[in-house]
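Report on the following structure.
The values are calculated or read from the model by the stated rules, or taken from the named source; none is laboratory data. Model, not experiment: these values are computed from the prediction. Cβ placement follows ideal geometry from the backbone for every residue including glycine, while neighbour counts extend to all protein chains displayed. What goes into the accessible areas is simple: the full protein's heavy atoms, side chains included, and nothing from ligands, DNA or RNA. Shrake-Rupley method; radii C 1.70, N 1.55, O 1.52, S 1.80 Å.
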Amino acid sequence: MPMNERYEPQSIEPRWQARWEGAGAFRAGRRPAAEKRYVLEMFPYPSGAMHMGHARVYTIGDALARYLRMRGYDVLHPIGFDALGLPAENAAIKDGRHPAERTAENIVSFRAEMKRLGYSFDWEREIVTADPGYYRWNQWFFLKMLERGIVYRRQGKANWCTGCNTVIANEQVVDDNRCERCGSPVVEKVIPEWAFRITAFAQDLLDGLDQLGQWPERVTTMQRNWIGKSAGAEVDFAVAGSAERIKVFTTRVDTIYGCTYVVLAPEHPLVEKVTDAAHRAEVKAFVERMRRTDVLERTGEEAPKEGVFTGAFAVNPFDGEKVPVWIANFVLAEYGTGAVMSVPAHDQRDLEFARKYRLPVRVVIQPAAGERLPPGDALPRASTEDGVTESSGPFSGLPSSKARDRMGAFAKEQGFGEATVRWHLRDWGFSRQRYWGTPIPIIYCPDHGPVPVPEKDLPVVLPPQAIITGTGEPPLAKVPEFVNTTCPRCGKPARREVETMDTFVDSSWYHARYLSPKDDQRPFEPAMAKRWLPIDVYVGGPEHAVMHLLYFRFWHRVMHQLGLTFEDEPCTRLVTQGIVNGPDGKKMSKRWGNVVAPGPMVDRLGADTVRLFMLFAAPPEKDIDWSDEQVDGLFRFLARVWRLFHARQDCFAAPAAALPQAAGAFLELRRRTHRTVKRVTEGMEGDMKYNTGIAALMELVNALYALEPATDADRAAVREALSALATLLAPFAPHAAEELWHEVQGEAARDRLLADEPWPSFDPALVAADVVTIAVQVNGKLRGEVQAPVSAGEAEVRALAEAEDRVRAHLAGKTVRKVVFVPKRLVNFVVG
Ligand SMILES: [Zn+2]
Ligand SMILES: [Zn+2]
């Protein structure tokens, strides 16, 4: 059949999608003898239609998955839908449609869009978290973790979103104490809740970060800070004239001789007990006022420091000094011990407070070198650095770190304290008073209290008939058929738990469910975990740095304890992709009217062009702005490739035996072809510089247009180039690539698929021929030689030269005044 002259993606793309699907080309496990690769993108939350951000993340992962298959790996590249959660429920409150209905509809549209973009997912492994076949395993994990004490019930102070009417995680409370999802104010509420004891894994999660050398440092740093380990000491201050003790935590016990007052959080249980009669009214008023004040407002950096004296005194156990006990806005009951020893000379916040309330300031740490600090009264600001102790009794004259060790040990010996470690990480409260989540498998019996639902009775299915109003009781409480049940222990009437699980539970282990998604005996097969885990490359948004990515690591460790997985960390390499902004450089938003959706773009220009744009505009981690011009340019590039193949059909049958050996334009073409293979391959490896690979293909196309083949040898060189071009395009523009590759291969390849073909290799001899030797001079004297690509410019050659030991020795300590560069010949450093 003669080749169509025009590039018409709409006519070719559906055809190849059907062929890939029919052949099961992307099924994982097809090459059991080959090495595995698990490529995963964060699964979408299907609210509304697919947007450009989705198109970008899946295109990045897909290009890699396609490349790895062609490299001969057995590739797992699955997809599913994170279907439970607040957005669907909130939408239901607005328009009365059932979340299940809306979600199912959105999934249908997402699936269709993803197929139209040609993503090489193993669709047979698709999971939907709203499916009871999925969330029953959330319930199963809950039971296993309850048995092990990793799940527990607590009286939690919770962040209650006044808009969503539910508890939200600390991580979801953003600036100004507002809900990250809906922007409503968040208030504190005390309610019983279920929690995961993630803090028991704090040290492991911290240590595990050292194994994650292929995660962006930004993400591991955020996790490290979130886990927030601080080493310090706990010290008990006795309350004078009372049996009570105030426990403080400090990271700077070396400054304790400088403590001039102690502060309790207004919520601290000792406030009532220690306040004397004379101060009671004032303290009570202050505590009341603090209760009504927003926590972040109260403790914010710029918030004025304020407090009141309780009338009580605490005894510093190191020297017996009595210091006044205050309460203040900036101390919170939840953090540390809810009490602070204040050392105004060495803590800025304590100093501000001391100046305001005329409390003494005493210097006890002097800088290890340099000028001494003035006396406390004259101190311009707190000195917070380590140094050498003074006025510290028997601990004077010690470096801070040594003082901390000795003083911690002394406190322990004397029984009033010890060295200890504090964490910023809190347990993960996961009870939600909402409907669209996994029911928590607990039954409350009047006689037996909370009783776990027996494993054989799972799943506890979410009843479809709930009425979702967004106010008052959890929706499940209003479904009597759901609530009323019997106690699994005694058979008496009992009530089901009406709370549901945080949807971050669903996404904490979905990567493992893909391994055996239809298994109804266990969450997944351990043998499959052995085959496929850890994930080799995980692609997703950097906004998941602490919540999802921390919970996911935590859950993986729990699964390891349960014998389901075999390694500590779920994922070797993490790629965080940038945003796709609107054409105006602003974040895409209906409000700005700058939203470009993938669907209409595929209609107009085809999937391959949209994919190429996503990969060509920038490396994966950089933000990009949508650009119609650049997108049109990429469509024109594909059309140009198409016309090139059309114009060179006479080369398709040229035999490889005829390939040119003699010097000339077509041997040069061969070199360029092999160099292109090398460059595209390098772009796929390492830092995923897909854009440099695509740029190399553009250059190859330009070179081909400049040549008119006349002999069999010429035509064989052109055929080699066209075949390589089609193959190298496969990860980026897979539909056009299949079509063009089949044109070149002809009848013989009719039943094959490019998606399955091996990735091309390059001939090192042909690539090496492009290297030249360049002389390196320093002040006109020959000091070395470097091998550089013929095309190398001054910057590249200079960098190579500066890396040479001999050259470096001659440049050391000198200033380069000028560089003389003669392409392909020499570089001369003029130094002075
Ligand atoms: Zn909210
Ligand atoms: Zn019972």
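When region 361-378 is limited to residues that are at pLDDT 95 or above and touching a helix residue (DSSP H, G or I) at 6+ places or on another chain (Cβ under 7 Å), the one that is farthest from GLY320 (Cα to Cα) turns out to be ILE365.
Residue-by-condition table, conditions (1) in contact (Cβ under 8 Å) with a residue 12 or more places away in the chain; (2) within 16 Å of ligand 1 (Cβ to nearest atom); (3) within 30 Å of GLY541 (Cβ to Cβ); (4) open to solvent by less than 70 Å² (accessible area, probe 1.4 Å):
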| residue | (1), (2), (3), (4) |
| --- | --- |
| GLN203 | yes, no, yes, yes |
| ASP207 | no, no, yes, no |
| PHE249 | yes, no, no, yes |
| CYS259 | yes, no, no, yes |
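A single member of ARG178, ARG148 is away from ligand 1 (no atom under 16 Å from the Cβ) and either farther than 30 Å from THR199 by Cα or modelled with pLDDT of 85 or more (or both), and it is ARG148. Just one of (1) among the hydrophobic types (A, V, I, L, M, F, W, C); (2) crowded, with 18+ Cβ neighbours inside 10 Å; (3) within 16 Å of ligand 1 (Cβ to nearest atom) fails for VAL187. It is (2). Looking across VAL558, VAL537, one residue alone is closer than 23 Å to GLN172 by Cβ and not aromatic (Phe, Trp, Tyr). It is VAL558.
For ASN138, are the conditions met, namely being of a type outside the set (Phe, Trp, Tyr), surrounded by 21 or more Cβ atoms within 10 Å (Cβ to Cβ) and in contact (Cβ under 8 Å) with a residue 60 or more places away in the chain? So ASN138 passes the test. Touching a residue at least 12 places away in the same chain (Cβ under 8 Å), touching a helix residue (DSSP H, G or I) at 6+ places or on another chain (Cβ under 6 Å) and within 30 Å of GLY85 (Cβ to Cβ): is that true of PRO454 in this structure? Considered against the rule, which asks whether it is touching a residue at least 12 places away in the same chain (Cβ under 8 Å), touching a helix residue (DSSP H, G or I) at 6+ places or on another chain (Cβ under 6 Å) and within 30 Å of GLY85 (Cβ to Cβ), PRO454 comes out as no. When region 82-98 is filtered for residues that are more than 16 Å from ligand 1 (Cβ to nearest atom) and either of a type in the set (A, V, I, L, M) or surrounded by 23 or more Cβ atoms within 10 Å (Cβ to Cβ) (or both), the ones remaining, listed by number, are ALA83, LEU84. Residues in region 66-99 that are over 20 Å from PRO517 (Cα atoms) and either in a strand (DSSP E or B) or modelled with pLDDT of 95 or more (or both): 8 in all. Answer yes or no as to whether PRO454 is more than 16 Å from ligand 1 (Cβ to nearest atom), over 19 Å from ASP506 (Cβ atoms) and in contact with a Pro (Cβ under 6 Å, 6 or more places away or on another chain). In short, yes. Being in a loop (DSSP other than H, G, I, E, B) and within 28 Å of VAL677 (Cα to Cα), is that true of even one residue in region 125-138? No: region 125-138 contains no residue that is in a loop (DSSP other than H, G, I, E, B) and within 28 Å of VAL677 (Cα to Cα). Looking at region 483-535 only, could you name the residues that are within 16 Å of ligand 1 (Cβ to nearest atom) and either touching a helix residue (DSSP H, G or I) at 6+ places or on another chain (Cβ under 6 Å) or on the phi > 0 side of the Ramachandran plot (or both)? Residue satisfying the conditions is PHE504 alone. Whether any residue in region 210-225 is of a type in the set (Phe, Trp, Tyr) and assigned to a helix (DSSP H, G or I) is what I want to check. No; the residues of region 210-225 include none that is of a type in the set (Phe, Trp, Tyr) and assigned to a helix (DSSP H, G or I). Any residue at all in region 566-585 that is free of Cβ contacts under 8 Å to residues at least 12 places away in the same chain and either under 22 Å from the mean Cα position of the chain (by Cα) or assigned to a helix (DSSP H, G or I) (or both)? No, that holds for no residue. Answer yes if at least one residue in region 160-174 is in contact (Cβ under 8 Å) with a residue 40 or more places away in the chain, on the phi > 0 side of the Ramachandran plot and away from ligand 2 (no atom under 16 Å from the Cβ), and no otherwise. Yes, because at least one residue in region 160-174 is in contact (Cβ under 8 Å) with a residue 40 or more places away in the chain, on the phi > 0 side of the Ramachandran plot and away from ligand 2 (no atom under 16 Å from the Cβ). Elements of the type helices (runs of 4 or more DSSP H) sitting completely within region 605-712 and holding at least 3 residues that are basic (Lys, Arg) and at pLDDT 95 or above: these cover 628-647. Looking across region 691-720, just one residue is without any contact (Cβ under 8 Å) to a residue 60 or more places away in the chain, touching a Ser or Thr at 6+ places or on another chain (Cβ under 9 Å) and more than 16 Å from PHE637 (Cβ to Cβ), and that is ALA717. When the residues of region 155-184 are filtered to those that are in a helix (DSSP H, G or I) and of a type in the set (S, T, N, Q), the one that is most open to solvent (accessible area, probe 1.4 Å) is ASN170.
Please specify each residue of region 159-175 satisfying the condition of being within 7 Å of ligand 1 (Cβ to nearest atom) and either in contact with a His (Cβ under 8 Å, 6 or more places away or on another chain) or β-branched (Val, Ile, Thr) (or both). Within region 159-175, just ILE168 meets the criteria.
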